[in-house]
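*Asks:* Quick one: this structure, given as structure tokens, is what I'll be asking you about.
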């Protein structure tokens, strides 16, 4: 076997910039079988709600966030992920659309544990996805009866995603995973012509803005 010369971060960047890594970098959007692999998690997310953290002093709140970050980092180090999912605090956004101070602390602390050896990633999409079974007919009717309204919603979602992603990059996120699911195994949930109207322009703007802000962009769940 060859010698591993790259850090996980270098490995991920090489793959994302179309260079040759020393081995394939891996990651997941999240990890949902923690109890099965590592035993019951000591982290109770309810204890990280804003109303609970507000009861603590700033030093105590950061200490508590560090407990979660250390646990989080330990799992993804063992799994050998090159890109670590961000810790999502229950109330990560303020009512005015700004990133909460606690979430900024969580990202900063997680980066400390990453020690410049891993990338920090999170969700960053803002485009339409396949509606669920309850909304599919309504969405199809809207495309026929109220396309202007659909485009107005697409614009709002795009602008909001771009602003959220900008704040997350400033807080320390390195990469965005765009997860809106567009396709069944046989193709997209709308025609290619309609896709080019209600999704493509907005997806392009989100990707372009993210790259301009220095983030890596990964698009998943397209089945194309």
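*Asks:* By count of other Cβ within 10 Å, fewest leading, how are 128, 195 ordered? Mind showing how you got there, number by number?
*Replies:* Working: 128 21, 195 17.
The most exposed by this proxy come first: 195, 128.
*Asks:* Between residue 96 and residue 212, what length comes free when the chain is fully extended (0.36 nm per residue of separation minus the Cα-Cα distance, one decimal in nm)? Show your work: numbers first, answer last.
*Replies:* On the way: separation 116, 0.36 × 116 = 41.76 nm, distance 2.42 nm.
Extending this stretch completely gives an extra 39.3 nm.
*Asks:* Let me ask something additional. How many nm is it between the label spots at residue 220 and residue 193, if each spot is 7 Å from the Cα in line with the beta carbon?
*Replies:* In this crude label model, residue 220 to residue 193 measures out at 3.4 nm.
*Asks:* Taking Rh as the Kirkwood radius computed over C-alpha pairs, what is the Stokes-Einstein D of the range 57-105 at 4 °C in a medium of viscosity 1.567 mPa s, expressed in µm² per second?
*Replies:* 107
*Asks:* Quick one: if you stick a label point 7 Å off each Cα along the C-beta vector at residue 23 and residue 71, how many nm between them?
*Replies:* In this crude label model, residue 23 to residue 71 measures out at 2.8 nm.
*Asks:* Also, quick follow-up: For Cα pairs less than 8 Å apart in space and 6+ apart in sequence, what is the mean separation divided by the residue count of the range 1-64, i.e. the relative contact order in percent? Kindly include the intermediate steps, with their values, before the conclusion.
*Replies:* Values: 28 pairs, mean separation 11.1, N = 64.
Relative contact order, the range 1-64: 17 percent.
*Asks:* In nm, give the distance between the simple-model label positions of residue 88 and residue 47, each being 7 Å from the Cα along the Cα-to-Cβ direction.
*Replies:* For the pair residue 88/residue 47, the computed spacing is 2.1 nm.
*Asks:* Here's a follow-up. First check a/c for the range 158-224, with a ≥ b ≥ c the square roots of the eigenvalues of its C-alpha gyration tensor; if it is under 1.5, answer rounded, and if not, answer prolate when a/b is larger than b/c or oblate otherwise.
*Replies:* Judged from the Cα gyration tensor, the range 158-224 comes out prolate (a/c at least 1.5, a/b above b/c).
*Asks:* What ranking of 136, 6, 87 emerges when the number of other C-beta atoms within 10 Å of each C-beta is taken as an exposure proxy, fewest first?
*Replies:* Final ranking by Cβ density, sparse to dense: 136, 6, 87.
*Asks:* From Cα pairs below 8 angstrom and at least 6 apart in sequence, can you work out the relative contact order of the chain, rounded to a whole percent?
*Replies:* Over the chain, the number comes to 19 percent.
*Asks:* Let me ask you something else. Quick check on the range 70-134: take the gyration tensor over C-alpha atoms, sort the square-rooted eigenvalues as a ≥ b ≥ c, and tell me if it's rounded (a/c under 1.5), prolate or oblate.
*Replies:* oblate
*Asks:* Using alpha carbon centroids, what distance separates the range 1-51 and the range 109-124, in Å?
*Replies:* 9
*Asks:* Okay, which of the range 151-193 sit inside 12 Å, backbone N to the point 7 Å along the Cα-Cβ direction of residue 200?
*Replies:* 191-193, by backbone N distance to the label point.
*Asks:* Give the percent of DSSP beta bridges with both residues in the chain that are antiparallel, rounded to the nearest 5.
*Replies:* Of the beta bridges lying entirely in the chain, close to 25 percent run antiparallel.
*Asks:* Helix-only mean residue ellipticity at 222 nm, the chain, DSSP H runs n ≥ 4 weighted -39,500 (n - 2.57), per residue, nearest 500. What is it?
*Replies:* -15000 deg cm²/dmol
*Asks:* In whole Å, what is the distance between the alpha-carbon centres of the range 184-198 and the range 142-182?
*Replies:* If we compute the Cα centre of each part, the gap is 17 Å.
*Asks:* Classify the range 1-123 as rounded, prolate or oblate from the Cα gyration tensor: take a ≥ b ≥ c as the square roots of its eigenvalues, call it rounded if a/c is under 1.5, otherwise prolate when a/b beats b/c and oblate if not.
*Replies:* Prolate shape, in that a/c is at least 1.5 and a/b is the bigger ratio.
*Asks:* Using the number of other C-beta atoms within 10 angstrom as an exposure proxy, rank 84, 68 with the fewest first.
*Replies:* In order of increasing Cβ crowding within 10 Å: 68, 84.
*Asks:* A follow-up question, please. Using alpha-carbon pairs under 8 Å, 6+ residues apart, how would you state the relative contact order of the range 13-106 in percent?
*Replies:* 32
Just so you know, all these numbers are worked out from the coordinates, no wet-lab data involved. Being a predicted model, the structure only gives us computed values, none of them experimental. We place every Cβ from the backbone using ideal geometry, glycine too, and count neighbours over all the protein chains shown.
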